[in-house]
1. Please say if the range 112-225 is rounded, prolate or oblate, where rounded means a/c under 1.5 for a ≥ b ≥ c the square roots of the C-alpha gyration tensor eigenvalues, and otherwise the choice is prolate for a/b larger than b/c and oblate otherwise?
2. To the nearest 20 debye, what is the magnitude of the charge dipole of the chain about its Cα centre, counting +1 on the Cβ of each Lys and Arg and -1 on the Cβ of each Asp and Glu?
3. About the Cα centre of the range 148-252, what is the dipole size in debye to 20, counting +1 per Lys and Arg Cβ and -1 per Asp and Glu Cβ, all else neutral?
4. Keeping every protein chain present and rolling a 1.4 Å probe, give me the accessible area per residue for the range 160-257 in Å².
5. Which of 139, 153, 193 sits closest to the plus end of the dipole of the chain, meaning its Cα is farthest towards the positive end, when Lys and Arg get +1 and Asp and Glu get -1 on the C-beta?
6. Need the list of lysines near residue 78 for cross-linking: C-alpha distance under 19 angstrom, and skip anything on the same chain fewer than eight residues off.
7. Computing the accessible area with a 1.4 Å probe over protein heavy atoms, can you report the carbon and sulfur percentage for the range 25-105?
8. Using just the helices of the chain, give the 222 nm mean residue ellipticity in deg cm²/dmol: DSSP H runs with n ≥ 4 each add -39,500 (n - 2.57), and the total is spread over all residues, rounded to 500.
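The values are calculated or read from the model by the stated rules, or taken from the named source; none is laboratory data. The model shown is predicted, which means the values in this text are computed figures rather than measured ones. Because the Cβ atoms are built from the backbone with ideal geometry, glycine has one as well, and the counts that use them run over all protein chains shown. The protein model used for the area step is the full one, side chains on, heavy atoms only, and it has no ligands, DNA or RNA in it. Shrake-Rupley method; radii C 1.70, N 1.55, O 1.52, S 1.80 Å.
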Amino acid sequence: MTHHPARKSPPKPDSSRKIGLARALSKLGYCSRQQAFQLIRQGNVRLNGTTPKNPETPVRLGTDRIEVQGHALKPAEKICLMLHKPGGIITSTSDEKGRDTVYSLLPPDLSWLAPVGRLDKASEGLLLFTNDSEWNARVTNPGTHLDKTYHVQIAAIADSHLIESLERGVETERNETLRCKHARLLRTGEKNSWLELTLDEGKNRQIRRILDALGIEVLRLIRVSIGPLQLGDLPKSAHRPLTHAELAALNRAMHTS
């Protein structure tokens, strides 16, 4: 069955505020800002009948006419979807080394979507995409303190001392003190354990760096939730739209954080 991403009515543009032309193409859902830079410099973008080559040329959305290769651009309907990212692919639009990216898992006919935050190559789980740049910025803003929960398999037998250390915090090689908001043991095997770790900040590779500072190898790392939004039983490599109820719950969580 084909899923259609949750859509919101396009907001009325603020015609009094100017933004750069490359950013305008991104906000209109046409392409990434990096791709917009290339299109503009190649002379493929017209603004009010002229062909500017400066990607920072000021634009009033909703007032100025923007065309790409002869087609006038209008605000795209807002799309917010979740992907169950598998390990081994990178969160990037393209890769100079030819590695698979998360975009290989999305339909090519969708309007331009940007990832909301990142998961590193080895990590798995819940990854959001949207063409709503302002919503993206809210979700990724550290000030919202949205909890992000991970299930982590480690090559060690976890005990209460480890759980306490994760919540108390450890000093990394960069002289930072990093900690988990919550940590608990899920299950233990003969040689490894599964932990549930919750963060309310999003520093780069935070969980891996905390466990590395403790001399513990990470075997798997799966993000299972962002705020109230759950990965649930979404199959690996699959995607689906956020429901209106999920969007509302996530927006409420950001508003009250």
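1. Numbers: a/c = 2.21, a/b = 1.69, b/c = 1.30.
Note, shape of the range 112-225 comes out prolate.
2. Roughly 900 debye for the chain.
3. Details: 17 positive and 14 negative charges, 71 e Å.
In total the dipole reaches around 340 debye.
4. Numbers: 5550 Å² over 98 residues.
Dividing the accessible area of the range 160-257 by its residue count gives 57 Å².
5. Towards the positive end, the residue furthest out is 139.
6. 8, 12, 27
7. Numbers: 1820 of 4220 Å².
Summing carbon and sulfur atoms, their accessible area is 43 percent of the total for the range 25-105.
8. Mean residue ellipticity at 222 nm (helix-derived): -6000 deg cm²/dmol.
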